[in-house]
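I have placed the structure first, in the form of structure tokens, so that the comments after it can refer back to it.
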Amino acid sequence: MKVIVVEDQLLFQEFLVNLLKEKLSMEVVGVAGDGESALEMILNSKPDLVILDILIPKLSGILVARAVLDKYPTTRILAISSETDIKTIHQVHQLNLSGFIDKNEASMDVLVEAIRAIQQHKRYFSKSLQLTIRKLKADPLAFQKILSKREQEILTYIGGGLSDLEIGQRLGLSDTSIQSHRRNLFRKLDVHSTPELIRFAQESGFWKASFRKMGLSESYHIHE
């Protein structure tokens with residue numbers, strides 16, 4: 001089985017490569033540390049399996065997975081991430097991947113179990129993902145049920161600390177229109193101030209402080 005590893009943390013990247021080669025006797029045909037180089041490598045190499053970190057520089061793992069599956073829908077992708085907020089989990093679930101592992105649960109035994117399951121054309125998902133998906137499906141007020149795509153987009157920018165004027169400039173809308181959307185977000189999410197809204201956006205995964213640390217723009221997480 002040909003495998004590509006996409007992981008920006010060098011130690012974990014080396015751990016995965018050694019595990020695949022030594023423990024599972026797989027052929028690692030490529031390693032990438034950012035989304036742009038990963039996408040090019042995957043589309044050119046057409047591997048059987050991609051082990052893909054979700055939060056990587058330049059292009060998110062969500063967008064990489066979507067682009068790969070659009071072109072090669074039979075590619076097996078095992079996503080890994082320490083981010084298990086509701087936005088990330090919802091996006092992963094929507095992609096219909098072969099598996100997802102919470103890095104916080106990623107022992108060697110778990111990784112081996114997941115990869116072997118995927119080898120047998122089965123799926124493997126961490127307990128954290130399964131639990132969150134069940135909660136999202138059961139909750140009538142889950143964000144994907146009550147917020148429009150535009151409201152989710154604006155919520156992401158609000159989480160990044162942008163003003164109504166700045167958001168309007170990015171989206172080609174008036175600041176009055178953004179203010180109207182902001183009021184709708186207050187009402188639908190039952191929050192009463194902008195700091196509360198920012199906190200919700202960040203805790204739910206619409207915006208993460210780590211985006212700026214990685215040199216990513218606000219748009220990194222929006223169109224996913």
- Helix axis angle, 86-95 relative to the chain longest principal axis, alpha carbon, degrees: 50
- How would you rank L189, L11, L52, going from fewest to most other Cβ atoms within 10 Å of each one's own Cβ? L11, L189, L52
- For helix 108-119, what angle does its Cα long axis make with the longest principal axis of the chain, in degrees from 0 to 90 and rounded to 10? 80
- What is the fewest-to-most order of Y157, Y124 by other Cβ atoms lying within 10 Å of their Cβ? Y124, Y157
- Using only Cα atoms, find the angle between the long axis of helix 175-189 and the longest principal axis of the chain, and express it within 0 to 90 degrees, rounded to the nearest 10. 70
- Task: Based on other C-beta atoms within 10 Å, arrange K58, K145, K21 from fewest to most.
- Result: K145, K21, K58
- Query: In whole Å, what three semi-axes, largest first, describe the equivalent ellipsoid of the chain built from its Cα gyration tensor (square root of 5 times each eigenvalue)?
  - Reply: 34, 18, 14
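Every read-out reported here was derived from the displayed coordinates using simple, explicitly stated rules and does not represent laboratory data. All values reported here derive from a predicted model rather than from experimental measurement. FYI the Cβ positions are ideal-geometry reconstructions off the backbone, even for glycines, and counts take in every protein chain you see.
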